[in-house]
Amino acid sequence: MSGTGLNSSWSTRRNSLFHLTGATLLIAILAFYNRYPLVFSDSGTYIRGAFLLEPPPDRPIGYSLIIRAVTWQSTLWTVVLFQAGMMAWLLWETLRKVLPAQVVLWRAHLLLTLVLVLFTSLPWYAAQIIFTPMIALILYLLFRAPELGWMKRGFLWICLFFFLITHNAHVAMAVLLLGGMALVRLTGKHWLAWPRFWPNLIGMLAVLGAGVGFISWYNGQHGMRPVFSPASNVFLAARLCENGMLGDFLDEHCGERQYVLCPYKDELPMVPVQFIWGDSSMVGRIGPQLTVADSALAPIVHDLLSEPAYFLRFLRSSMVASVVQLFQVNAVMGMSPSMEGSAPYGEVADRLPHELSSYVADMQNNGAWWDTIFFSRVVQFTMLLSVLVLAWTRDRWWAHPQISSLVPLLIGWVLLNAVVTASLANVFDRLQSRVAWLVVLAACLALTQTAWGKRLLEKPDFRTP
């Protein structure tokens, strides 16, 4: 009997491993179809950081550390496989937690993966960078799945540490989410009456603090200010250029204060990216390094946000920008070629010369992707349909103890992504597209609570005659 049990357990694990391997390849399919991992304009910075371990001033070193750990400094393919494998496993563990025992887990996982790959932005960002949505799933599993065991939970805690420090926005998003959850719990709401809520919350805040402390220390060790974001004032100043806010402030105060931007107050761009990047950018004129420009811009940002009238104006602008950001869903953003002269090309040529021929010959760099507008339209339609599904099935999924916990967390993470990125950086469709597919995931989970969903996923023996 014991031998039979061991064989059965091994067979189950083997089948799960085969299934997750197939799901990993499915999620990474666009990279294989492209013939090389997809890149964006900032991919060169991450690759360079992975080899030199030098932190850039405009982003944390976290993603570069992950790249270094999983590439062995030899190929970018393992980055895509790691990201796709992590996503496949997180979806598997999430479904195992929220779905009842009578559901065929592999079937539910396969159907969900197919929907996400065919109709959402997931595969496009799995082939680039996809840690932002993973954080939401990790937080849910750490809060709600103590049965995972110490090894899996320990691995999730480690992943949480490194994933949080892959992007500046993650820290603000996590602080707002965890702080909001703590406030809701203090009101005594049943929705957050979870076992070990406070120990888990304190642990997450500790990991968050450790991540911020580590990046701050790391930046300080490499000649920059020992803070999490040594270029935060640059990004805020660029954001304040929108709607003429910074220009109006300088017009009002340059007569009495000698700010570094006063000579250029009539030349300020209206688009944040033009403030930071380019030969004629404001940063290029007053820097030229971001860290130098950050110190020069700090007094302007501080004084502007200290004035109630301008602070309220910033809040109003941020509210509008956050709503606009929610609708910026473009799955194929950044699919333009990155050939000679671009940062990704230069870093691949210098660090991974044996992959340069594959990089140059891929579909992205030859403009061979067909009708990318069609893909975006499909993704946008799926998003709209998902919102309608969530509203239509609200009574059903809200009655489920696990799904009613997960859906608000996923939606809250999508909303916070829009608020933080639009308020502290700029409205940019790539920033929202990376997490927008979580709404589709929430809708799919809601559909499992409908009669149609149960008939589709349950084992035949459990179906109602």
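Every number here is computed from the coordinates shown, using simple stated rules; none is lab data. A quick note: this is a predicted structure, and the numbers were derived from the prediction, not measured. Please note: Cβ atoms are built from the backbone with ideal geometry, for glycine as well, and neighbour counts cover all protein chains shown.
Things worth noting here:
- Mean sequence separation of contacting Cα pairs (under 8 Å, at least six apart), scaled by the length of the chain, corresponds to a relative contact order of 22 percent.
- Taking 0.36 nm per residue of sequence separation and removing the Cα-Cα distance, the Asp350/Val175 pair yields an extension gain of 59.2 nm.
- For the range 87-181: span of alpha carbons on each principal axis (Å, largest first): 38, 32, 25
- Legend: translational diffusion of the chain by Stokes-Einstein, Rh = Kirkwood radius over C-alpha pairs, 10 °C, 1.306 mPa s; D = 66 µm²/s.
- Per-residue Cβ neighbour rank within 10 angstrom, fewest leading, Trp398, Trp150: Trp150, Trp398
- The length gained on full extension between Val378 and Ser74, counted as 0.36 nm times the residue separation minus their Cα-Cα distance, comes to 105.9 nm.
- Fewest-first sequence of Val329, Val271, Val260 by Cβ atoms within 10 Å of each Cβ: Val271, Val260, Val329
- Packing-based ranking, highest mean first, of 355-366, 425-436, 44-55 given that Cβ atoms within 10 Å are counted: 425-436, 44-55, 355-366
- Computed P(r) (all Cα pairs; the range 157-297; 10 Å bins; percent): 10, 30, 24, 21, 12, 3
- Ordering 30-39, 309-318 by mean Cβ neighbour count within 10 Å, with the highest value first, yields 30-39, 309-318.
- Qualifying trypsin sites (Lys or Arg not before Pro) in the range 239-272, where qualification requires a DSSP coil assignment and no more than 14 other C-beta atoms within 10 Å, comprise Arg257.
- Farthest towards the positive end of the charge dipole of the range 270-373, among the residues Ala361, Thr372, Thr291, is the Cα of Thr291, using unit charges on the Cβ of Lys, Arg, Asp and Glu.
- Here each label is just a point 7 Å from Cα along the line to Cβ, and for Met339 and Val292 those points are 3.4 nm apart.
- Summary value for the range 120-240: 22 percent relative contact order, contacts being C-alpha pairs under 8 angstrom separated by 6+ residues.
- Between the residues Ile165, Thr132, Met204, the greatest Cα displacement towards the positive end of the dipole of the range 97-213, with unit charges on the Cβ of Lys, Arg, Asp and Glu, is found for Met204.
- Summed over qualifying helices (DSSP H, 4 residues or more, each -39500 (n - 2.57)) and divided by its residue number, the chain shows a 222 nm mean residue ellipticity of -22000 deg cm²/dmol.
- Multiplying the residue separation of Ser41 and Phe428 by 0.36 nm and subtracting their alpha-carbon distance yields 137.9 nm.
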